[in-house]
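Just so it is clear, none of the values below were taken in a lab; they were calculated from the coordinates. These numbers come from a predicted model, not from an experiment. Because the Cβ atoms are built from the backbone with ideal geometry, glycine has one as well, and the counts that use them run over all protein chains shown.
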Amino acid sequence: MHSMRNSTNFGLMLQTQFNNIKIKKDMKRINLKQGNCPFCNEKVLDTAFMESENFLVIYNNAPILPGHSLVIPKNHIESLLELDQTELFEFTQLSIKAAKVILKVFKADSFNWTIQEKPAAGQTIPHLHLHIFPRHDNDLPNPGDWYPILKSSEEEQHKNIDSEKRSKYNSQEIIKIVNYIKSQINLNWNNLK
Ligand SMILES: [Zn+2]
């Protein structure tokens, strides 16, 4: 908590950074050695709409609900527990900003924020990813019904990553949504702080 309180200028840095949204196509940051990891695939950059130095916010190519996004490290890091204090702070700051953007764009005031750590907890892709998805009244029969949907969606993603059938990363629909979110960030940034 102390390190967070001492970094009062960080919000301003992020604001400046995101006023001009351009996702760098810097392949050096993507660890391509993890060949079968969907989040280490360069195509993930097509789905990104926010970034910080070490993290990306991407739109889930198989959203369980509209607005379903993920915050991921650019490098192949499996666990939240591997992040040092500085990275953890950067991750949290970007994720909070992303949540505000997602709520604004998808006109919600409720959201789920969830990380599954290790297989026993339901992690199927061993690359740290925070799910953020907006919620609306009665969007699912029960508020907790998201979990089985998420689990089967992730298993499907993992299974098919090398398959030709797995072309959702480049789908025009995803690019359209991502471009729409980016345009909304630029329009509404002053209201998101
Ligand atoms: Zn990875």
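Residues with beta-carbon under 15 Å from that of L81, excluding L81: net charge, scoring Lys, Arg +1 and Asp, Glu -1?
Numbers: positive: K118; negative: E78, E82, D84, E87, E117.
Cβ neighbours under 15 Å give a net charge of -4.
For the pairs K74/K97; K118/K176; K118/K182, flag any whose C-alpha to C-alpha distance is greater than 25 Å. Working shown, then result.
Working: K74/K97 17 Å; K118/K176 33 Å; K118/K182 32 Å.
Over 25 Å Cα-Cα: K118/K176; K118/K182.
Under the 0.36 nm per residue contour assumption, what length would be gained going from the current alpha-carbon distance of Q172 and N142 to full extension?
Details: separation 30, 0.36 × 30 = 10.80 nm, distance 3.15 nm.
Stretched fully, the Q172-N142 segment lengthens by 7.6 nm.
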